[in-house]
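A short reminder: the numbers here are calculations on the coordinates, not readings from a lab. Predicted, not measured: the structure shown is a model, and the values here were computed from it. Positions of Cβ are backbone-derived with ideal geometry, glycine not excepted, and every protein chain shown enters the neighbour counts.
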C-alpha cells in the first residue's frame, strides 16, 4: 500500500511539472510581473493562478487532508457551490481589529495582486474564508477558541472549487521582495503536485473511533435556573427574547480526523450549509440550515429561521409536525421577532426590501424550522463584511434587543460560545460572498470534541421543553461522531 501511494505521489509530481510546462507561456508572464512588482514596491504581492480542471472528488480530498494543515470547506444547500482550501497563504485575524480592518487589508492585497485566470470567467477568485466570534468582547485565551480569536479569515495556498458545472484549481502565493522567478515557479510546481495528490484515491487504515466519555457541561438543574432567570427578565420587560445555549464534551480513544468527519457529514446532512474551518490544530465544523447573508452584485439575500420542531421518522409525521409548527403561537411569536429585527436592520442599510408575511417550513434530516426568505438591494457605500458584522447576532441566535441579550448571555452562560452561532462564510475579490450562521456544529482539538446547541426563550417557554429542543439540535453532530440519541450525561 505504501509503495502504491508513493508511486501515485511521484506520478502527481510528474503531472504537475508537465502541467506547468504547458501553461508556461500563460503563467511565466504572471510570475515575472509579480516578482518585479514585489521587488519594485518592496511590498508583498499576491500571485493567484486559476485554471479549470476536469474532475474534483471532494470526499477524497477531504479524507486525504493532512492532519497538520490548515483547511476549510463550504457547500451550499442546493449544491451549486462547493470548495475546499488547503494550507494558508495569508491570515486576516483580530490583529486587524474589526471587519472593516479585514476588508481594508484584503482590498489592499488585491490592489497589487497579479491574477492569472485561465478561463477568464470572472469567477471572483481568489477568496477568503472564515468568520467572527459570537461575542467579540469574550476573552478566548485559555479556551478551545484561543487560536481563532475574535475573527479569523484565511487565504488558502490551494483551493478546489466546483461552481455549477465549472471545476477550478486556484494556487495562491505571496511573493516577497527577495523572491526570484525560479523560487516562485518551484512553489507553484510543488503546490500543483500536492493538489493532484489530494485528488487521488488513497487507502488509509485508521483505528476505529470509540467514545470514551460524554459530558454535559451544564446540568439540567443549572439549565432550569438559567432559563427561569431569563424568563423573569422577559416578564420584567428587560428584553423580549433571549437565546440560551448548552455544550457537550466528548472524548475519544484517538485524535479525530476532521477531513473524514467532514466527508461523512456531506452524506448525513444534505440541504444545509456544510462548513469547516481549521486553523493551527483547532477545527470548527457543522451543517447549518440558516443563511445570514448572501451578496451578488448589489442584491442581498437573507432569511429568518426561528421556531423548531422534530422532523419525524416518516413523511406523515414530518407533515404532521410541520402543520403543528405553523400553528404554534410560541414558535410563531419567536419567528416574528427574528424576521422583524432582520428586516428593520436591513431597512436602514438597503432598499427595495421584499419578504413574505407568512413563514414557510424549512425541513432538514432531524429538525424543521419556520423560515422566511428576505431580499433587498444594498445601499451604495456599504461594505459587505461590515453589513455581515452589523447583522450579527440576529434574534435567532442572541435575542432581542441584541445588545442587552448578548451582555446577559456573557454573564449567565458558563462557557463562551466562540464561533458557535456566529457568521461563517466567504468573501471574494468581486466583493460578493455568503455567510451562514454557525449552528448544528462542533469544535475539535485532538481527541476532544465540543458540541453546541441553543434555543430561543420567550415568556411562555418551559425549561424542560427547551432542554429537549437542544437535545434534538445536538443530534446531527452526535450522529456524526457515533454518539447515541439519548441526551444523557455519562461519565
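Key figures
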read-out	value
Length-normalised contact order for the stretch 212-481 - Cα pairs under 8 Å, 6+ apart - percent	31 percent
Sequence-separation-based contact order of the chain, relative, with Cα cut under 8 Å and 6+ spacing, percent	21 percent
DSSP beta bridge pairing in the chain, given as percent antiparallel to the nearest 5	95 percent
Viscosity 1.306 mPa s, 10 °C: Kirkwood-radius Stokes-Einstein D of the stretch 25-84 over Cα pairs, µm²/s	106 µm²/s
Global geometry of the stretch 212-481, whether rounded, prolate or oblate, following the gyration tensor of its Cα atoms and the 1.5 cut on a/c	rounded
Ordering of 450-459, 62-71, 209-218 by burial proxy (mean other Cβ atoms within 10 Å per residue, highest first)	450-459, 62-71, 209-218
For the stretch 331-358 and the stretch 210-251, distance of Cα centres in Å	27 Å
Most to least packed among 49-61, 146-158 [average Cβ atoms within 10 Å]	146-158, 49-61
Overall form of the stretch 352-432 per C-alpha gyration tensor (a/c, 1.5; a/b vs b/c)	oblate
Burial order of peptide ranges 324-331, 275-282, 242-249, 185-192 (average beta-carbon count within 10 Å, highest first)	242-249, 275-282, 185-192, 324-331
Inter-part distance where the stretch 44-103 and the stretch 132-155 are each reduced to a Cα centre, Å	19 Å
Nearest-ten-degree value, helix 24-41 long axis tilted from longest Cα axis of the chain	80 degrees
Label-point separation in nm, residue 238 to residue 165, each point 7 Å along Cα→Cβ	5.8 nm
